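Some notes on the structure that comes next.
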Amino acid sequence: MHDIFNQYQSVIVFDCETSGLDPKSCQMIELAAVKINIDTKKNIFIEKEMDDFIRLPAGEYLPGKIVELTGINDLMLMAEGIEEKLATEHFLQMVEGDTLLIAHNAQFDAEFLLSMLNRHNKSRDFHYLDTVTVYKDRRAFPHKLENAITEYGLANKVKNSHRAIDDVKALLEVLKCMNQERSDLKTYINIFGYNPKYGVSGAKLPGVTYAPQRFNNGMTLTGATLPAQVKRSE
């Protein structure tokens, strides 16, 4: 990944837990991120991290399904949560210069992040790396983070708890494995694959190329990856 760190001043792995699925009517309840860098021996390390609970607006409460999924409840948000504006400021303290955001199913997390930034007039231009798109070119269905953790033999090293900070650190380890497996992560920047049966979910992100991506049975040949297909179609 050293070529990625040469291109970007900030490389951030992030994840959010939310009060629902629609970024227009729901909001983040937890935002976690780690800013990563690379040392002289090309080892990836965490330079800075954040993990904020975010209070809901007055009079709003978490649906039972969200509490069950995340383990986050209204009492936790009231006791430990901060205002959304402050969480926005914490996140932007990690952003310096050209920034690459990395997430598993980045479409979902980025929509919520951009909605939050826009609400506080803090919009930024980012580039994105979606590890779901990468993983679909590497392994058969299913493609959840928990599946990647198992496939890369990380079950005893990381936690997949549906808590944002745990998932961020788990994804970082998955990312390292992906990079060791094949050094083509840079080709996936700003390319999101989508299921051709359902189309793109949500609003398209600025600067991102969306392309249909079918399920594969295993490791896709270099010339058949989604970035390679997109390049041939240009």
request  = Indicate the helices, whole DSSP H runs only, in the chain that combine a mean Kyte-Doolittle hydropathy of -1.0 or more with a Cα extent along their long axis of 20 angstrom or more.
outcome  = 164-181
note = For region 194-206, in residue order, the Karplus 3J(HN,Hα) values (coefficients 6.51, -1.76, 1.60; θ = phi - 60°; whole Hz; Gly and Pro = x) are 9, 5, x, 6, 10, x, 6, 8, x, 7, 5, 7, x
key: Asp130, Asp184, Asp125 arranged by Cβ crowding within 10 Å, fewest neighbours leading   = Asp125, Asp184, Asp130
ask   = With Cβ to Cβ distances under 15 Å as the rule, what net charge do the other residues near Tyr8 carry (K, R +1; D, E -1)?
value = -1
ask   = Cα-Cα pairs above 34 Å in the chain: how many percent?
value = 12 percent
Highest-MSF residue in the chain out of Glu96, Glu173, Glu49 [GNM, Cα springs under 10 Å] = Glu96
inquiry  = Placing unit charges on C-beta atoms (Lys and Arg positive, Asp and Glu negative, everything else neutral), compute the dipole magnitude of region 6-117 about its Cα centre in debye, rounded to 20.
reply    = 280 debye
ask   = Hey, what did the chain get for relative contact order, percent, Cα under 8 Å, at least 6 apart?
value = 21 percent
note = One would report the Cα pair-distance distribution of region 1-140, bin width 10 Å, in %, as 11, 40, 33, 15, 2, 0
remark   = Note to self, the chain gives a 222 nm [θ] from helices alone (DSSP H runs n ≥ 4, -39500 (n - 2.57) apiece, / all residues, nearest 500) of -10000 deg cm²/dmol
task = Add +1 for every Lys or Arg and -1 for every Asp or Glu among the other residues with Cβ under 10 Å from the Cβ of Asp130, and state the total.
result = 0
query = Rounded if a/c is under 1.5, else prolate if a/b is larger than b/c, else oblate: which is region 77-216, with a ≥ b ≥ c the root eigenvalues of its Cα gyration tensor?
reply = oblate
remark   = For the chain, the charge dipole (Cβ of Lys, Arg +1; Cβ of Asp, Glu -1; about the Cα centre) points to a positive end, and the Cα of Leu172, Gly20, Gly199 closest to that extreme belongs to Gly199
query = At what distance in angstrom do the alpha carbon centres of region 177-212 and region 1-56 lie from each other?
reply = 17 Å
ask   = Tally Lys/Arg at +1 and Asp/Glu at -1 over every other residue whose Cβ is under 11 Å from the Cβ of Ile191; what's the total?
value = 0
request  = Please give every one of the lysines within straight-line cross-link reach of Lys231, meaning a C-alpha to C-alpha distance under 26 Å, and leave out same-chain neighbours fewer than 8 residues apart.
outcome  = Lys136, Lys176, Lys186, Lys197, Lys204
ask   = How many nm is it between the label spots at Thr222 and Val67, if each spot is 7 Å from the Cα in line with the beta carbon?
value = 5.3 nm
Residues of type aspartates and glutamates that Lys24 reaches as a straight line, Cα spacing below 12 Å, ignoring anything fewer than 8 places off in the same chain = Glu111
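A short reminder: the numbers here are calculations on the coordinates, not readings from a lab. It should be emphasised that the depicted structure is a prediction, and the values quoted were computed from it without experimental measurement. Cβ atoms come from the backbone with ideal geometry, glycine included; neighbour counts cover every protein chain shown.
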